[in-house]
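Undergrad: What follows is a structure written as structure tokens; I'll ask about it next.
The values are calculated or read from the model by the stated rules, or taken from the named source; none is laboratory data. Quick caveat, the model's predicted, so the values are computed rather than measured. Please note: Cβ atoms are built from the backbone with ideal geometry, for glycine as well, and neighbour counts cover all protein chains shown. Heavy atoms of the whole protein, side chains included, go into the accessibility calculation; ligands, DNA and RNA do not. Shrake-Rupley method; radii C 1.70, N 1.55, O 1.52, S 1.80 Å.
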Amino acid sequence: MDLRPGGIINGPALVGLVDAAGWMMAVAHQPPGSDAFTADLSMQFLRGAPVGELCVEVNALRVGARTTVLAATITSPAVEEGPVAHAVLTFVAAPPS
């Protein structure tokens, strides 16, 4: 269900991947037991992402007490021209209850 014709992974699946990776990075920068919620996500699809291994690199642009802003890049070993997608995400911290 996550494929487009030609064996290309669809956009919603890539957004889910980036959101999950970003959430892990955002939570890792908060106190134990905290959670984080996606407040904003902007994604550019640069090239087709073929079925197979994908790599997501997430970098923290700003880590604050309430929000975390991240940049994520998705690459594929099968695509030599460059990244297949790039995203900027903002997460809002939810302190432990």
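Undergrad: Go through VAL79, VAL92 for me and flag whichever is assigned to a strand (DSSP E or B) and open to solvent by less than 50 Å² (accessible area, probe 1.4 Å).
TA: VAL92
Undergrad: Does ALA71 fit the bill of being of a type outside the set (Val, Ile, Thr), open to solvent by less than 30 Å² (accessible area, probe 1.4 Å), farther than 26 Å from PRO5 by Cβ and touching a strand residue (DSSP E or B) at 6+ places or on another chain (Cβ under 9 Å)?
TA: Judged against the criteria, ALA71 is a match.
Undergrad: How about the range 47-62: which of its residues are among the aliphatic types (A, V, I, L, M), modelled with pLDDT of 95 or more and open to solvent by 90 Å² or more (accessible area, probe 1.4 Å)?
TA: LEU61
Undergrad: Are there any pairs with C-beta distances below 7 angstrom linking a residue in the range 81-97 that is free of Cβ contacts under 8 Å to residues at least 12 places away in the same chain to a residue that is open to solvent by less than 60 Å² (accessible area, probe 1.4 Å), with the two at least 6 apart or on different chains, and if so which?
TA: Once the first residue is free of Cβ contacts under 8 Å to residues at least 12 places away in the same chain and sits in the range 81-97, no partner that is open to solvent by less than 60 Å² (accessible area, probe 1.4 Å) comes close enough.
Undergrad: Okay, next question. Return yes when THR73 is farther than 20 Å from SER34 by Cα and assigned to a strand (DSSP E or B) and no when it is not.
TA: In short, yes.
Undergrad: Follow-up. Looking only at residues that are charged (D, E, K, R) and assigned to a loop (DSSP other than H, G, I, E, B) in the range 47-70, which one is farthest from VAL84 (Cα to Cα)?
TA: Going through the qualifying residues, I end up with ARG66.
Undergrad: A further question follows. Among the candidates SER34, SER42, SER76, which residue alone is in contact with a helix residue (DSSP H, G or I) (Cβ under 7 Å, 6 or more places away or on another chain) and not aliphatic (A, V, I, L, M)?
TA: SER34
Undergrad: Continuing with this model, one more query. Kindly provide the set of residues from the range 72-97 that are closer than 14 Å to LEU61 by Cα and in contact with a Gly (Cβ under 7 Å, 6 or more places away or on another chain), ordered by number.
TA: Once the filter is applied, which keeps residues that are closer than 14 Å to LEU61 by Cα and in contact with a Gly (Cβ under 7 Å, 6 or more places away or on another chain), the range 72-97 yields ALA72, LEU89, PHE91.
Undergrad: Then there is this: Going through the range 14-46 one residue at a time, which ones are part of a loop (DSSP other than H, G, I, E, B) and either in contact with an Asp or Glu (Cβ under 9 Å, 6 or more places away or on another chain) or more than 10 Å from PHE91 (Cβ to Cβ) (or both)?
TA: Result: PRO31, PRO32, GLY33, SER34, LEU46.
Undergrad: Here's something else I'd like to know. Take VAL84 and decide whether it is modelled with pLDDT of 95 or more and surrounded by 18 or more Cβ atoms within 10 Å (Cβ to Cβ).
TA: yes
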